[in-house]
Every structure is written in C-alpha cells, then in structure tokens.
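The values are calculated or read from the model by the stated rules, or taken from the named source; none is laboratory data. What you are looking at is a predicted structure, and each value in this text was computed from that prediction instead of being measured. Here the Cβ is made from the backbone with ideal geometry for all residues, glycine too, and neighbour counts use every protein chain on show.
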Amino acid sequence: MSTIKLTYFDIDGGRAEPTRIALSIGGIEFEDHRISFSEFGQMRAGTPFNAVPTLEINDGVYGQSNAMNRYFGKQAGLYPVDPWQAFLCDEVMDAVEDVLHFLVRTFGMEGDELKAAREKLVDGAFTTYLKTLNARLEAAGGEYFADGRLTVADLKVFVWIRALKSGFLDYVPSDLVDRVAPLLAQHMERVAANPGVAAYYEGRGK
Ligand SMILES: N[C@@H](CCC(=O)N[C@@H](CS)C(=O)NCC(=O)O)C(=O)O
C-alpha cells in the first residue's frame, strides 16, 4: 500500500476535515500534514489546482476534497455501494462544496464590505442550501443523508454546520441553523456522538 499524505491548514475543520475523519474511522494510516497560512502561500503554485487539500499517494499529488472523500469513504465503509444512494451522498457533498466557495470569497473582506457580504450570504445562499439540505435529510428518514447510515456526506455537512454554529464567522448568527434547518442541528449532534467520530476527536485531544 502506498503511503498517504494529506496536506491542509492546521485547523479542526475546513475541506480536509471529513477526509481526516474518514481515514481515522477506516483505520487507514496517513500523514496528517498541517500547514500554516504562510506555508500555503509558499506552496500554492506547486499544487495541482493552486489549492489545498492535497493528497500525495501512488507517486502523485492530487486535489479535490470530494474525490478524496469518495476514495477513502469507499475504503472506510462510509460510501454507498448502491448507485442511487451514492448519488444522494454526492449531491449533498457537492452542495456543501458550492457553499464553501461562496463563504471563502468573503474571507479577505473587512468592515462594511464583510458585513454586507455575510448578511447577503446568510439571507441568500446559506438559507437556500440549509433549507434544501434539511429537506433532503428529512426525505432520507431524518438521521443520515444516504444509505440509512453514516457516510461521507454526513461528515461533510457536519463540518460545515459546526462552523456555522461556532459563532466564529462574523455576521453569521450562531442560531441560524437552529432557526432555518433544525434537523441539521440535531444531525450535527448525532454525527459528533458517532463512536468513530468521537474517537477521532478524542485522539486530537478535543
Ligand atoms: N474544490 C476544491 C476547492 C479547494 C479550495 O478552494 N481550497 C481552499 C482552501 S479551503 C484554497 O486552497 N484556496 C486557496 C486559493 O484559492 O488561493 C476542493 O474541494 O478541494
């Protein structure tokens, strides 16, 4: 088996976090290479898509977090075999990926510009995506997004919802999820309590 090196910012969240959790649940050994923002500045141009996370495996360097989620999700028993359930899992992961792009565009902003951009997001894309994901979860039975069990879709949503509820994102009310998408708030608690997820964070000392 080739060695696995996953490179991302030194935060317990963001785009690499679902992959880290999936690798941990699958008992798949990997190098959790955590970098600072200034280190990213130095390595950015050398990455496949000028972005992180990157995955070094099989003598190559690769990007795209959802591809990583699928690849390791399959190995960790966190990705549906059934094509329709896999579609439901993918739709959710790609939706979160969309919304992360909207959010990241606001990261360089300050003051009134940041306030206006975040308020527009909260009333617009965030509300739309939260409501639709809440409806998807309800349609799937209310507990998990696909296959009636934990999949990488649940991990992807969990990480985003935890960020929204953290209060760390200026002008994003920490009760937004509870008001707009209550099932997603419950889902976050459910995923956090999953023994594999809890073990990962215990291992991180969280
Ligand atoms: N679709 C890509 C997006 C990757 C991405 O935009 N990553 C951000 C960090 S979370 C980044 O490296 N941005 C740097 C830049 O755009 O300069 C993925 O899912 O991996």
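If the condition is being assigned to a loop (DSSP other than H, G, I, E, B) and closer than 14 Å to Asp82 by Cα, then the stretch 138-153 contributes Phe145, Asp147, Gly148, Thr151.
So Ser2 passes all but one of these: (1) at pLDDT 95 or above; (2) more than 10 Å from the ligand (Cβ to nearest atom). Which condition number does it fail? Here Ser2 clears every test but (1). Within the stretch 87-94, at least one residue is more than 17 Å from Phe9 (Cβ to Cβ), touching a strand residue (DSSP E or B) at 6+ places or on another chain (Cβ under 7 Å) and modelled with pLDDT of 95 or more. Counting only helices (runs of 4 or more DSSP H) that fall entirely inside the stretch 5-106 and contain at least 2 residues that are within 13 Å of the ligand (Cβ to nearest atom) and outside the structural domain of Leu184 (by TED's automatic domain parsing), the qualifying elements are 17-25, 37-43, 65-76. In the set (1) surrounded by 14 or more Cβ atoms within 10 Å (Cβ to Cβ); (2) of a type in the set (S, T, N, Q); (3) within 12 Å of the ligand (Cβ to nearest atom), Asn134 fails one condition alone, (3). Going by what's in this entry, would Val172 be described as crowded, with 19+ Cβ neighbours inside 10 Å and under 19 Å from Asp94 (Cβ atoms)? No: the conditions fail for Val172.
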